[in-house]
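For reference, the structure discussed in these notes is given below.
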Amino acid sequence: MHVWICTSDRGSLPTKTGRHHLCGFLLPETGDTPSWRFLQKKMLSFSLTTQSCLLTDLHSNLNLLHPRKNSHVLEIFLGALSFVYFAKALSGSYLKSTITQIERRFDIPSSLVGVIDGSFEIGNLLIIIVVSYFGAKLHRPRIIGAGCLIMSVGTFLIAMPQFFMGRYRYERFPSTINSTASISPCLQDKSQTPLSALEKSQAKINAGCEKEAGSSMWIYVLLGNLLRGIGETPIQPLGITYIDDYAMEENAALYIGCVQTVAIIGPIFGFLLGSLCAKLYVDIGFVDLDSVTITHKDVQWVGAWWLGYLIAGVISILASIPFWFLPKHLPKPEKRKDSSASSEQSKFITEDNKDQHKSYQQQVKIAEMAKDFLPSLKNLFGNPVYILYLCASIIQFNSLIGMVTYKPKYIEQQYGQTSSKTNFVIGLINIPAVAFGIFSGGLMMKKFRINVLGAAKLSLASSFFGYLLLLSLFAMGCENSDVAGLTVSYHGTKQMTDHEQALFSECNSGCTCSKNDWDPICGENGVTYISACLAGCQASNGSGKNTVFFNCSCVGTLESPSQSSSAVVGPCQKGNDCPKMFLYFLVISVITSYTLSIGGTPGYILLLRCIKPHLKSFALGIYTLAIRVLAGIPAPVYFGVAIDTTCLKWGNKRCGGRGACRLYNSSALRYVYLGLTLVLGTVSIFFSVAVLWVLRKRSSPQDETLSANGERGTYGTKSRKDNFVNSDCLIQTTYWPEKETRL
């Protein structure tokens, strides 16, 4: 007797066992005819069983009837994640733009500023493993929202020292402050004028100087940046994998590229905000601006660095709001419903429509997830492609992080630009090139349907040509400014002797000067002098920014020793060729930034596709951890230490001790800054070549099919996928092989 009861399309399919499978109700194909009572009893049991199957089919079909609704939720998540990337990128880039401002405000060297900048990565280090591994099993959108709130708290904390420190003090000759008296800079002594800034500090030390309240306030900046790092931790590993889980496979690369492109808008606004705040005086709203005797072009100028952090903190709060209303899971796209190859969920997670015989709201136990931690870690580090790509990324990020961190300082010191103009140029010209490059990389991946091997090639080519362009920047630098006693002697020859001893000459031997003062003036001969006293100036006229010094014996030494000349407040401008070199630098810098950033999205795809699907979030977490620990933390520190070695003139703190650098050796700075970046980039290229070699060795010829043979590759993919759908054997597998690279 043949009994055929159809409850759904799935229920009417014959199986290999010779029976009809009707949602758990099995009837014999042949044999004795069952009695009606037997059938009645079985049908009653069957009806209860089929209710669950029918409800499941109804739930699944409803999802199919509303694909646009599911798509809209993913689009909302995509927009929310993009805004979060914007917020974190804005605050991070604003910190980069205020590096020199923080250095001057707290009177600290570049190496210590590097430690402050690296504290962000330390915050990531503290919880990245926990968040990336366990966070993938929990409510990812809400974890991202909580991270945004923590990030905003840290941003507010960075700005707090401004409200507890005293007012900013800068070194100035007394006549530039007091307009009622004309004081001779050269003949000033203890009985004639107040003590110099250094002598005041020394007097305080001798009398038992107590450190100023703001001398250690930079610790709050460090702690705030640490909190920023903690809050930013879940955004990348959980956000990117959430998109990759629920987006169509062919759209994943484009979506990730869009998120990263929108994120680049953050640095644009961050640097532009830094440019605006750099023009505002640090104590704006607290002091009378008319009493400020320096301008934003002065090397001692400190802008309103704290103001931008308050704005960035508010934006981070707004970015957290949408994530509290987004669902934990989304239905997988149709092309992924037959497999879990693209699913982020591990074997511990129970999805709504995955297993109908288990509890609908089954909770994940931390202990169960922890059992799989060490095997998962061993699996990752046993993947040669993952390890080689990780090494290449670590070294490349060392070069990029160091270069980006000190790029504003490099432009200021190398080309004589102000902090405001430097931030404006980086934000308006350089960052958009990076955004366009990242978007171009994602677009290439989608348009040409580039596979994993092609992504590795594109990433390698991007790095190679980018660092090749960077090599040309060595020829686009400016010579050292002519500073008497530091870069040139008082007689016009290049200075090669000990700088401190060379600050004194016969022309200023009759003056009572301090070698530690830094109040530069520009002589009419185009030479900068550290102070009016060391320039041998006998008189001054005017006040504040308009002070003019006369009868400066050292100013006339270079042209005609017998004739004295005048000088004005502030250092002299760089040479005539420097503006042209700065223009060349900007052009090459923009092209280099675009070229290097093209490999960003292919690198992400390579990272996601070279590992097992249920380890994606964990792998991204380990990747982020390694970048933070081995690149984000040390790179700003040792770049800062290397840059400090090129300093020619150090400032002095009021209570003694070395402060921030006032003047750098331009040539040495260029070779140290660009040389260190280029060496690290070259080493990373060798690791990228190794990645490509392993991929070629382990990939079959069919996997190397790119856009030129796109139809053939598509056909092969489709046929294997059809076999997967129609094969009962493959239905039992956890993923279909085409999704992986068979590494």
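The values are calculated or read from the model by the stated rules, or taken from the named source; none is laboratory data. On a predicted model such as this, the values are computed, not experimentally measured, just so you know. Positions of Cβ are backbone-derived with ideal geometry, glycine not excepted, and every protein chain shown enters the neighbour counts. SASA here: full protein model, heavy atoms, side chains in, ligands and nucleic acids out. Shrake-Rupley method; radii C 1.70, N 1.55, O 1.52, S 1.80 Å.
Protection proxy ranking of 523-530, 471-478, 602-609, by the mean of other Cβ atoms within 10 Å over each peptide's residues and highest first, is 602-609, 523-530, 471-478.
If R₀ is 41 angstrom, what is the calculated FRET efficiency for the pair Trp650 and Val683, using the beta carbon separation as r and rounding to 0.05?
Working: r = 32 Å, r/R0 = 0.79.
The value I calculate is 0.80.
Shown here: the range 288-328, whose C-alpha atoms stretch 57, 21, 9 Å along the first, second and third principal axes, sorted largest to smallest. Would you mind classifying the range 82-133 by shape? Square roots of the alpha carbon gyration tensor eigenvalues, ordered a ≥ b ≥ c; an a/c under 1.5 is rounded, otherwise it is prolate if a/b is larger than b/c and oblate if not. Since a/c reaches 1.5 but b/c is at least a/b, the shape of the range 82-133 is classed as oblate. Given a 1.4 angstrom probe, I'd like the percentage of the accessible area of the range 379-477 that is carbon and sulfur, rounded to a whole number. So the carbon and sulfur contribution to the accessible surface is 76 percent. Label sites at Ile591 and Glu75, each approximated as a point 7 angstrom past Cα along Cα to Cβ, lie 4.0 nm apart. Between amide H atoms placed 1.01 Å from N, distances below 5 Å from Asn652 occur with Gly659, all of them 5 or more places distant or on a separate chain. Between Tyr638 and Arg658, the FRET efficiency estimated from the beta carbon spacing at R0 = 22 angstrom works out to 0.70.
Let me know the shape class of the range 224-280, please: from the alpha-carbon gyration tensor, a ≥ b ≥ c as square roots of the eigenvalues, rounded when a/c is under 1.5, otherwise prolate if a/b is greater than b/c, or oblate. It comes out oblate by the Cα gyration axes. Extension gain, Phe373 to Lys515, is 45.0 nm, computed as 0.36 nm per intervening residue step minus the present C-alpha separation. Rounded to the nearest whole Hz, the Karplus-based 3J(HN,Hα) values (6.51 cos²θ - 1.76 cosθ + 1.60, θ = phi - 60°) of the range 618-625 follow the sequence 5, 5, 5, x, 5, 4, 5, 4, with x at glycine and proline. Taking N as the residue count of the range 606-690, its C-alpha radius of gyration divided by 2.2 N^0.38 Å amounts to 1.62. Each Cα pair of the range 531-647 feeds into the Kirkwood radius, which the Stokes-Einstein equation turns, at 25 °C and 0.890 mPa s, into a diffusion coefficient of 120 µm²/s. I want to make sure I understand the PRE zone here: with the label point 7 angstrom from the Cα of Phe474 toward its beta carbon, which residues in the range 394-429 have backbone N atoms less than 11 Å away? Of the residues in the range 394-429, none has backbone N under 11 Å from the label point off Phe474. Protein-only accessible surface at a 1.4 angstrom probe places the residues Phe424, Phe687 in the order Phe424, Phe687, largest first.
Residue order by solvent-accessible surface for Asp244, Asp288 is Asp288, Asp244, largest first, with ligands and nucleic acids left out and a 1.4 Å probe.
Rounded, prolate or oblate: which fits the range 250-326 when a ≥ b ≥ c are the square roots of the eigenvalues of the alpha-carbon gyration tensor, with rounded for a/c under 1.5 and prolate only if a/b beats b/c? Verdict is oblate for the range 250-326.
Applying the Karplus relation 6.51 cos²θ - 1.76 cosθ + 1.60 with θ = phi - 60° to the range 596-606 yields 3J(HN,Hα) values of 5, 7, 4, x, x, 5, x, x, 4, 5, 4 Hz, where x marks Gly and Pro.
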